[in-house]
Every structure is written in C-alpha cells, then in structure tokens.
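The values are calculated or read from the model by the stated rules, or taken from the named source; none is laboratory data. What you see is a predicted model; the values in this text were computed from it and never measured. Cβ placement follows ideal geometry from the backbone for every residue including glycine, while neighbour counts extend to all protein chains displayed.
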Amino acid sequence: MFKKILIANRGEIACRVIKTARKMGIATVAVYSEADRDARHVELADESVLIGPAPSRESYLVADRIIAAAKSTGAEAIHPGYGFLSENEDFARRVEEEGLVFIGPKHYSIAAMGDKIASKKLAKEAGVSTIPGWNDAIESAERAVQIARDIGYPVMIKASAGGGGKGLRVAFNDKEALEGFTSCRNEARASFGDDRVFIEKFVEQPRHIEIQVLGDAHGHLLYLNERECSIQRRHQKVIEEAPSPFISDDTRRAMGEQAVALARAVKYQSAGTVEFVVGRDQSFYFLEMNTRLQVEHPVTECITGLDLVELMIRVAAGEKLPLTQADVKRDGWAIECRINAEDPFRNFLPSTGRLVRFVPPPATMEAAAPVPSGGGDGRSQNAPGGVRVDTGVYEGGEIPMHYDSMIAKLIVHGRSRAEAIARMREALNAFVIRGISSNVPFQAALLAHPKFVSGEFHTGFIAEHYGKGFSSSDVAHEDPMFLVALAAFVRRKARERASGISGQLEGHRVRHAPDLVVVVPGRDGAHHHHPVRVEQFEPVSGQADVVVDGRHFAIQSASRLGEPLMVGTCNGKAFTAQVERAGARNPLAIRVVHNGAAIEATVLLPRAAELLALMPVKAPPDLSKFLLSPMPGLLVDIAVAPGQKVRSGERLAVIEAMKMENILTAAQDGTVGELLARKGESVAVDQPILSFA
C-alpha cells in the first residue's frame, strides 16, 4: 500500500480524499494556488505545495507543477479528484511515465471514453444501447439538416468535446437545426478548440440515470447500482439520489450489465460512471462515460456501505476488488443536495466573499468510516439513516471568484425515500450560511415540490417549473402563521430577558403584555398586521401558547437568544428554524426562515403598531439610471464610453466570476453618462458600474 499520496485538486473533494487516506494510514500532500493559501484542504493535509497563481490554468491545470510537487515530496501516487486534470489522458500517461501511480483508470481507458463520437461507436460495438444518430463529424450546416430529417425531429446537436452544457442545442425543425449546428460548432471551437459536431435523437422527457462501475487490474468488474440525476439546471446537476424512484429491477440489471460490458471493452480499472438517458417507457441509451469519481458518489456509498475512494486507492495499489456483484447491497435511500455559492433570487448569479457564519447541520455519517475488523473490503460502518456534509470551506474563510460555486454537498440517508426527503428538509433548515448567498432556499423549494415528492420528473423539470426564474413566491410556506408565531415567541423571550436586567426604575420596568402585533412587509410594500397573543409563557422551560388568528401554536424551545438556530417543537411536532435579528437595514425586525421561506417581522405592542400604520411607506430609490453589478466579480470589460448611445440588448460590460463570464446588456435605449468603475476592478454586488444620462 502507498505511504504517501498527492491530491491534485482543491475544495471538498480534496478534503474527502484526505479523510480516507488518513483512515488508511496514508500521508497526504495538498497542492494549492495563491487564492487557496488558507484553504481547508491545505490545513487538513500532512504537507502542502504552492503550485501557482489563482487562475486554474496557471495552477491546478499545470501538469508539470503537480508532478514536480509529487516527486519533491516523495508522494508515490496522485489522486486527481474530479474536474481539472481528472479526465486528462495526457496527464494520466505523464504520471505513469514519471514512475508515479495515477489513482484512476489507465490513460487508454480515458482516451477511449473522452471523445463522445468515438465512445458511442465503441459502446455500440460492446452491445450497449445507443441513441439513434449520426456519430461522425458533420461537415456543414446543410448536411446537418439532412441528417436531422433522416433521424427524425427532435434531435440533439452536440459538440464531440463538449461538457457542462456547452456546445449543445436541441432542434425541433430545419431552421433550428441549421442555426443550432452553426452555434454549436462556434461554441465548441471557442471552448474546447475542437469544432466537431454530431447529431442524435432527442429523447423527450428523459431521465438522466447513471451506473457506478468499479474495476481492478485483475479483470474483475461490477456495478454498484444507479443514481438518479435528472434534477438539473442548465445541464448542471442540482439534486442526486440513489436508487432511482423510476426504474424497475429489470431495467437496473440491464443497465448495470451493459455498463460493465462497456467498462470491460476499455479494460477499465478504478471507479467510473456510465451515464444513460432513459425514456418514459424505460428504454435507455448510452450517453457518455465519466472516467473519474463523480461529485455525487456519496449517495452510492450510503446505500452500498462502500468507501469508493478507499477502493480506488486499493485498486491503484494493485489489490483485487474485495467483493463480487452478489455482495453489492442496496439499503435504504440517499439524497444529495449541492450547496452552491449563488443567489437563486438573482437568476443564480455567483456569490463570492467571506463566510461570516458557516455552520452545517450536525453530521451523523462519515465519508470515510472505519472498515470492519479484519476488513480491507472498503465497507463503511454508517448506521441506517443520517446526515453527512462534504465541504472544503470553513467559517471565516473566503469563497474566491476563480473556481466553481459549490461550497458543500449535503447528503442524507433514510430507510425510505419519504424519510430521506424529510431528513434533507430538516438538514437544510439547520444549514447556517451568512456573508454570501446560497441556493438553500431553491433546494428547499425543489424538495417540497409535489412532482419531486412523487418522483414524477425528468431533466426538464427545473426549466418547466422555474423557467421564468426563482422568486420568494416559489417557496411559500405551507403554514405562514407558524413563522409569525415564531417571531412573537422570540420577541416574548427577549422581553423576559430584558425584564431581568437590574437597575430598572420602579414603575418603569419592562412589561410582559400578552398582546402583540407582528408586522410583516409584503412584496407590494404594504405592511400586514397580525394580532398575536402570547399566553402561558414559561421562561424556565421555554414554552408558550401563541395564538394567531384564533389558532394555537404550542411552542417549546430551549434555544438561546442570539444563536441563529432555533430547535424545538410546535404542537408536539419537532422543528428546526433560523431566527435572528434582521440586521442594519431594520434592526428592530426578526428574520425567521423555515423550509426555505423567510419573513422579516417587526413585533410591536398594539399602540406602536397603530402608529406604524399611520406612517407612509418609503419608496425605494430609483436606480434605473445606473448599471449595477448583479454579483461580486472581476470587471473584465466595459464595452461603452461616456456619451455613447446604446440600444436595448446592447453589450455594456462583462463580469467574470466562478469560471463564468456574465454579459451585462442595456435594458432599454439610452445614452451612457459617467463610467463609475474601471476595467480590471473587483466589483461588489449592486455596485454602480456606469450611469445613464
């Protein structure tokens, strides 16, 4: 077994590999860019090596520096994680040529599956179901239209070297095929330096289901069941689960056997994933093979009890797989939510900055639990059901603009799908993130959606239900008065604490009036007043009966004021909510968040509420004369000059954040006034970039 390995990655996956290596008694070496000098994976590793500036093309993507770091520290093997160089054939070959071990498949396996056109031909030869299509590079847009007609609309036009949703279009007619081919080829050339494009049949209302495979150097191959990955936004996975709520045992077996056949055809060693698109009738077709560890591998670990990272390391060290296909378990249900640093209420724009508070829910499962005594079979010892958090960040750390937006993976395991969904909703309630925006409210909305709960969804689910964006109305609480009752309960606890302060003048002590009014601002700017009565308050036990609109909420919570999390019961049912002061914008307000829904409530005595009702509503400032930065990032270009006339939709500026370029355009015709920011400047969210005359 290896004594020391290097992890050629960053963030949560680097931390994940370090955990397993530590369990196995293997020393670890982290590599880091200048932006990651204080990153969590650097702190966790036994050694660390600086490999370059912040941009990944100058650090994490420079193979020479990574190999040099491994050799200088005495590392015997390199684990690539996912992303960066994990599926780079040349890097895998170089690692082997330098006398090191690549903890992943052999370079020839990566090469065989790295080209989408070649991989489909190989899959067909191996007896794997493939989508009807034209798998040779297409030379012209006119030829693309002819092929599309022969296949039958709708068709999918895809770049051979594509990925992450780039170089992909769906066409339903000749016009869309003509335009889609040209756009795909241009996008592929710019993004990948490879403009080859192919066409295949588009499966309507498809499911995206993948099979986890595992192979060793001794010819043993098996599959570890499936993962359901159909909840996607712009071809990026948002929620994954295992098993799938859709496919039958017969389909699962057929997909698994075909995945193993493909892996055998390319002499696959290590963990890998064969992705399929599955139709409504459970017909399935090969999509691609990812020759690396997947982001969503924890859900497979939860239902099988296996540590995939440990098995990858053991296979790379030459060991045989310690189990057969018959040994593979499928226990319970697991769900993973990707927690991203993005603002769902601003069209999911990246959110960077300092994590002022970062308190994940308590973990009851480990990514790399100890194997049984006399083990070495890679099995974990997780108890049935639980919560797991895989992350590479910490409270007080920075979320840099140079890398992807995922800051954590929240994984739950339950005995059934319903139990897993309920556990995930509670875990999201307990996930405290401050300082940056996150997609937690969006995840909460998805988990509560009736179509998700019933398992009736496909890859177009998010586009279908949130096609016009995401707003607070999409996370309407099932019982809004519960949030009002919580605000009143917290206010009553605060008054109880204030009444105990010494030195109060006789006759002027803090009163405990049972009647209160909870004032909640509406989206229309008006205030909604909710008369509330707090009865039977018991400060020692932390309980009270809160009456709102004639309804009784028997709330009990021993949580301390000032802490963002409130844990307790309401009418005998357990809850976890986030309750705290709203902040400088409204220091008197209490912010209450539960199941993704949020209110900012001001709790007043009845007379104060009467006076507030007489106050005019303050109109928000008119910012239409400014172009505001929708997110924090780097202002890489300003495309206009003072005095220039612009038309609606014309490009004004470009902001780069988290590997994405965001083009800001004019909302209407106008004339540019003053430039308020400079090209190359780091801008904050809502910072003015320019004004209009």
Region 286-297: number of residues that are touching a Lys or Arg at 6+ places or on another chain (Cβ under 8 Å) and either β-branched (Val, Ile, Thr) or closer than 12 Å to Val128 by Cα (or both):
3
Residues satisfying the stated conditions in region 267-304, i.e. farther than 24 Å from Leu168 by Cβ and among the aliphatic types (A, V, I, L, M):
Ala271, Val299, Ile303
Residue that is farthest from Met631 (Cα to Cα) [pool: residues in region 433-469 that are without any contact (Cβ under 8 Å) to a residue 60 or more places away in the chain and basic (Lys, Arg)]:
Lys451
Looking at region 115-124, can you tell me whether even one residue there is out of contact with any strand residue (DSSP E or B) (no Cβ under 7 Å at 6 or more places or on another chain), surrounded by 15 or more Cβ atoms within 10 Å (Cβ to Cβ) and of a type in the set (S, T, N, Q)?
no
Just need a number here: residues in region 263-285 that are within 23 Å of Asn135 (Cβ to Cβ) and in contact with a strand residue (DSSP E or B) (Cβ under 6 Å, 6 or more places away or on another chain).
12
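Do the conditions hold for Gly455, that is, is it modelled with pLDDT under 95 and surrounded by fewer than 19 Cβ atoms within 10 Å (Cβ to Cβ)?
Numbers: modelled with pLDDT under 95: no; surrounded by fewer than 19 Cβ atoms within 10 Å (Cβ to Cβ): yes.
In short, no.
If you take just the strands (runs of 3 or more DSSP E) that sit entirely in region 518-600, which of them hold at least 2 residues that are at pLDDT 95 or above and within 28 Å of Ala427 (Cα to Cα)? Quick ask: steps written out before the conclusion?
On the way: elements: 527-538, 543-548, 551-557, 565-570, 573-581, 590-594.
Once the strands (runs of 3 or more DSSP E) in region 518-600 are filtered for at least 2 residues that are at pLDDT 95 or above and within 28 Å of Ala427 (Cα to Cα), what remains is 543-548, 551-557, 565-570, 573-581, 590-594.
So which residues in region 167-182 are within 28 Å of Glu296 (Cα to Cα) and either out of contact with any Cys (no Cβ under 9 Å at 6 or more places or on another chain) or modelled with pLDDT of 95 or more (or both)?
Narrowing region 167-182 to residues within 28 Å of Glu296 (Cα to Cα): 167-170.
Selection gives Val170 alone.
Of all residues in region 17-28 being small (Gly, Ala, Ser) and not in a helix (DSSP H, G or I), which is surrounded by the most Cβ atoms within 10 Å (Cβ to Cβ)? Reasoning before the result, please.
So in region 17-28, the residues small (Gly, Ala, Ser) come out as 21, 25, 27.
Subsequent filtering for residues that are not in a helix (DSSP H, G or I) retains 25, 27.
Values: Gly25: 9, Ala27: 19.
Taking the candidates together, the pick is Ala27.
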Can you tell me which of (1) surrounded by fewer than 18 Cβ atoms within 10 Å (Cβ to Cβ); (2) under 29 Å from Ala161 (Cα atoms) is the one Lys71 doesn't meet?
(2)
Among (1) under 19 Å from Asn340 (Cβ atoms); (2) modelled with pLDDT under 90, which single condition is Ile655 missing?
(2)
Are there any pairs, at least 6 apart or on different chains, whose C-beta atoms fall under 7 Å, with the first in region 538-549 and more than 16 Å from Asn571 (Cβ to Cβ) and the second outside any strand (DSSP E or B) and modelled with pLDDT under 95, and if so, which?
Pro539/Glu496
Kindly provide the set of residues from region 29-47 that are closer than 10 Å to Arg10 by Cβ and in a strand (DSSP E or B), ordered by number.
Ala30, Val31, Tyr32, Ser33
Just one of Ile436, Ile421 is crowded, with 20+ Cβ neighbours inside 10 Å and among the β-branched types (Val, Ile, Thr); which is it?
Ile436
Residue, modelled with the highest pLDDT, within region 183-224, restricted to residues that are in contact with a helix residue (DSSP H, G or I) (Cβ under 8 Å, 6 or more places away or on another chain) and acidic (Asp, Glu)
Asp216
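Counting only residues that are in a helix (DSSP H, G or I) and either of a type in the set (Lys, Arg) or crowded, with 22+ Cβ neighbours inside 10 Å (or both), which one in region 48-68 is nearest to the chain's Cα centre (by Cα)?
Start the filter on region 48-68 by keeping residues that are in a helix (DSSP H, G or I), which leaves 56-58, 63-68.
Adding the requirement that they be either of a type in the set (Lys, Arg) or crowded, with 22+ Cβ neighbours inside 10 Å (or both) leaves 57, 65-66.
Details: Arg57: 23, Arg65: 29, Ile66: 27 Å.
Among them, the one singled out is Arg57.
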Looking at Leu311 and the list (1) surrounded by 21 or more Cβ atoms within 10 Å (Cβ to Cβ); (2) touching a Lys or Arg at 6+ places or on another chain (Cβ under 9 Å), which single condition is not satisfied?
(2)
Close pairs from region 228-250: first free of Cβ contacts under 8 Å to residues at least 60 places away in the same chain, partner hydroxyl-bearing (Ser, Thr, Tyr) and buried (at least 20 other Cβ atoms within 10 Å of the Cβ), Cβ under 7 Å, at least 6 apart:
Glu228/Ser244
Out of curiosity, is Gly467 under 18 Å from the mean Cα position of the chain (by Cα) and within 20 Å of Asn340 (Cα to Cα)?
no
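Any residue that is of a type in the set (Lys, Arg), touching a His at 6+ places or on another chain (Cβ under 6 Å) and surrounded by 22 or more Cβ atoms within 10 Å (Cβ to Cβ) - is there at least one of those in region 186-209?
Initial filter on region 186-209 (of a type in the set (Lys, Arg)): 189, 196, 201, 207.
If we keep only those that are touching a His at 6+ places or on another chain (Cβ under 6 Å) as well, we get 207.
Then drop every residue that is not surrounded by 22 or more Cβ atoms within 10 Å (Cβ to Cβ), which leaves 207.
For region 186-209, residues of a type in the set (Lys, Arg), touching a His at 6+ places or on another chain (Cβ under 6 Å) and surrounded by 22 or more Cβ atoms within 10 Å (Cβ to Cβ): present.
Against the condition touching a Gly at 6+ places or on another chain (Cβ under 7 Å), at pLDDT below 95 and in the same structural domain as Gln236 (by TED's automatic domain parsing), how does Gly460 come out, does it pass? Walk me through how you get there before you give the answer.
Working: touching a Gly at 6+ places or on another chain (Cβ under 7 Å): no; at pLDDT below 95: yes; in the same structural domain as Gln236 (by TED's automatic domain parsing): yes.
So Gly460 does not fit the description; no.
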Out of (1) surrounded by fewer than 21 Cβ atoms within 10 Å (Cβ to Cβ); (2) not polar (S, T, N, Q); (3) not in a loop (DSSP other than H, G, I, E, B), the one Glu226 does not meet is (1)
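Quick check, is Gln258 farther than 30 Å from Ala21 by Cβ and part of a strand (DSSP E or B)? Full working, then the answer.
On the way: farther than 30 Å from Ala21 by Cβ: yes; part of a strand (DSSP E or B): no.
Against the criterion (farther than 30 Å from Ala21 by Cβ and part of a strand (DSSP E or B)), Gln258 does not qualify.
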